[in-house]
1. Considering only residues of segment 445-500 that are under 18 Å from Val524 (Cβ atoms) and of a type in the set (D, E, K, R), which is nearest to the chain's Cα centre (by Cα)?
2. Assuming Ala409 fulfils every condition listed in (1) within 21 Å of Ala501 (Cβ to Cβ); (2) hydrophobic (A, V, I, L, M, F, W, C); (3) in contact (Cβ under 8 Å) with a residue 40 or more places away in the chain apart from one, which condition is it?
3. Select from segment 531-588 the residues that are more than 11 Å from Ile347 (Cβ to Cβ) and touching a Phe, Trp or Tyr at 6+ places or on another chain (Cβ under 7 Å) and list them in ascending order.
4. Of all residues in segment 99-115, count the ones that are assigned to a loop (DSSP other than H, G, I, E, B) and either among the aromatic types (Phe, Trp, Tyr) or out of contact with any Leu (no Cβ under 6 Å at 6 or more places or on another chain) (or both).
5. Looking only at segment 302-334, count every residue that is free of Cβ contacts under 8 Å to residues at least 60 places away in the same chain and buried (at least 17 other Cβ atoms within 10 Å of the Cβ) and tell me the total.
6. Among (1) touching a strand residue (DSSP E or B) at 6+ places or on another chain (Cβ under 9 Å); (2) of a type in the set (Phe, Trp, Tyr); (3) outside any strand (DSSP E or B), where does Phe419 come up short?
7. Looking only at segment 273-287, count every residue that is buried (at least 16 other Cβ atoms within 10 Å of the Cβ) and more than 12 Å from Pro297 (Cβ to Cβ) and tell me the total.
Amino acid sequence: MSANATLAALFEEMAALLELTGANSFRVSAHAKVARVLGELDADVEALGREPGAIEAIEGIGEGSAGRIREWLASGSIKDLESLRKQVPPGLPEVLRVPGLGPKTARLLWKEAGVVDLATLKAKLASGELLGLPRMGEKTLAKIRESLEFMEKSGGRARLGEAAPVAESLARHLRAVKGVARVEVAGSLRRGRETIGDLDLLACGGDPAGLIEAFRSHPEVRSVLAAGETKCSVRLASGMQADLRVVDSSCFGAAWLYFTGSKEHNVRLRERAIARGLRLNEYGLFPHAEADEDSPPQSRGVAPVAAASEEEIYEALGLPWIPPELREDHGELSLRKTPTLVTVEAIRSELHAHTRASDGTMSIEEIARLARDRGFHTLAITDHSRSSVQANGLDPARLRRHLDAVREADARLDGIRLFAGSEVDILADGRLDYEDELLAELDWVVASPHVALRQDPKVATERLLAAVRHPLVHVLGHPTGRLIGSRPGLEPDIEAIAKAAAECGTALEVNANHHRLDLRDRHVRIALEAGCWIAINCDVHSPEQFDELRYGVVTARRGGLTPDRCLNCLDARTLDAWRKAKRKKVHK
């Protein structure tokens with residue numbers, strides 16, 4: 001986690017603790033605002049801290065907050081935060097992790113019912129003691145129980161978009177060590193899982209002791225859990241555990257394969273090795289009888305059949321190299337050649353983006369120029385429809401004026417094509433948020449669910465089917481509406497939706513925002529089996545969200561998406577032809 005992200009989290013914690021302790025709303029809001037500013041800050045706050053007055057000059061950060069930021073940069077702690085932590089039961093902030101349970105409710109539960117942690121919350125929910133407290137009716141308590149259950153199912157895992165920057169920061173730190181030859185990320189992060197448990201890194205070359213020392217002294221490390229000559233485990237500021245293993249370059253491929261996993265994939269590889277009279281472990285692929293010892297067979301003078309690279313190990317097992325995202329024991333060992341999966345570099349368009357007209361932070365021209373600078377040939381401007389009141393959705397009159405503005409910019413700007421569109425709400429009954437006459441005026445329609453996300457699965461399926469079959473819809477956006485770790489979203493019959501989408505030519509979206517990743521990987525597999533088009537969109541609201549593309553791509557890769565089935569990989573002329581032809585299809 002970067003210093004910006006760490007400080008944003010600390011100021012968010014201070015805001016929550018202030019509210020828990022009954023501080024006035026101004027102080028709470030001020031700390032929350034600083035957290036938002038830091039979270040959205042493009043500049044490196046550590047670099048700014050070395051410049052006199054630079055932090056104080058940031059809009060939204062007052063003198064007091066600037067002092068706390070400098071205090072943390074200098075010492076790694078903030079006295080005011082430590083003081084606040086002492087005023088609140090240590091387990092109470094954990095209660096704030098329960099989706100939908102904010103500081104005011106947590107304070108009420110603490111002061112009025114003695115809830116001091118998740119255990120007491122569960123006990124008092126079970127006993128019925130909370131019923132009758134202010135704002136604590138049966139429906140509210142039922143929602144708290146449901147949120148608790150969902151949180152426990154999701155486990156103590158970080159989202160992909162939270163874990164990846166931390167791991168990359170650790171890897172960069174290690175690559176700066178003198179003599180190091182290679183540092184790579186392994187584990188579930190390399191496979192692109194939507195949530196990550198521990199971080200795994202491998203390194204080779206240089207002095208192992210120097211690598212271990214560099215790892216344990218990284219600024220994000222809060223404690224060392226274990227350290228040896230070639231292994232080290234640490235606890236990071238985010239709460240995640242990170243593990244480093246230093247291996248010999250001669251067996252780096254075997255170690256990388258082993259520690260990437262998945263466990264199930266590795267089991268299949270070992271079974272295949274045994275069937276060929278071989279034994280596979282983290283040191284390499286060896287003759288069966290020579291690999292039973294715990295020590296590396298190389299140390300006993302035994303030459304491996306393959307060890308230096310993953311490719312040579314797969315080849316020795318009679319397999320093509322299998323991309324890490326597919327190593328989940330979903331039949332990947334039956335592949336006859338390495339698939340050409342979609343890549344970030346193959347994406348040439350963004351087909352779901354928001355401007356200041358609704359809830360984005362950029363003007364039409366700003367977002368268009370940014371998309372063009374990233375190499376995109378097409379950008380679909382899809383500001384929210386009228387029912388998304390919280391997102392400043394556009395009523396028909398505003399939308400028509402906005403369409404004119406988008407088309408004016410399209411005519412004026414060189415090097416990029418702008419589609420004048422909308423992200424149109426799919427209402428609870430399956431109707432779209434605008435009348436067909438207005439929808440027909442749009443170049444591009446992304447239809448998405450934003451409300452009624454607890455519907456019965458059958459009702460949800462019919463609702464989404466209505467949108468998929470609508471002749472004016474191009475893309476079904478984030479189909480379930482889920483938020484990873486906090487909102488389960490709809491649970492429709494994805495097979496039925498994919499089948500209908502294939503019949504109607506409607507694309508299904510992988511929303512690349514790391515909080516969504518919706519469609520999820522298994523849904524992509526279902527969609528491809530049905531013959532669907534897939535769109536990978538960042539759902540851009542601010543400049544940095546273009547960088548979320550990689551999370552959508554890795555999710556799509558896990559589902560087996562190839563460039564020829566991805567709308568965003570089409571060239572400009574083919575994409576525009578697809579757009580026009582889509583509305584000529586006969587929908588059943």
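The values are calculated or read from the model by the stated rules, or taken from the named source; none is laboratory data. Only a predicted model underlies this, so the values are computations on that prediction, with no experimental measurement involved. Cβ: placed from backbone, ideal geometry, glycine included. Neighbour counts: every protein chain shown.
1. Arg482
2. Result: Ala409 passes all but (1).
3. Scanning segment 531-588 gives Val540, Arg565, Arg579.
4. Taking segment 99-115 and keeping what is assigned to a loop (DSSP other than H, G, I, E, B), we get 99-102, 114-115.
Now restrict to residues that are either among the aromatic types (Phe, Trp, Tyr) or out of contact with any Leu (no Cβ under 6 Å at 6 or more places or on another chain) (or both): 99-102, 114.
So the answer is 5.
5. Number satisfying all stated conditions: 11.
6. (3)
7. Residues of segment 273-287 buried (at least 16 other Cβ atoms within 10 Å of the Cβ): 273, 278-286.
Still in the running and more than 12 Å from Pro297 (Cβ to Cβ): 273.
Going through segment 273-287 one residue at a time, the tally reaches 1.
Conditions (1) touching a helix residue (DSSP H, G or I) at 6+ places or on another chain (Cβ under 7 Å); (2) assigned to a helix (DSSP H, G or I); (3) closer than 30 Å to Ile196 by Cβ; (4) acidic (Asp, Glu), marked per residue:
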site	(1), (2), (3), (4)
Glu12	yes, yes, yes, yes
Leu18	yes, yes, no, no
Val28	yes, yes, no, no
Ala35	yes, yes, yes, no
Ala43	no, no, yes, no
Ile61	yes, no, no, no
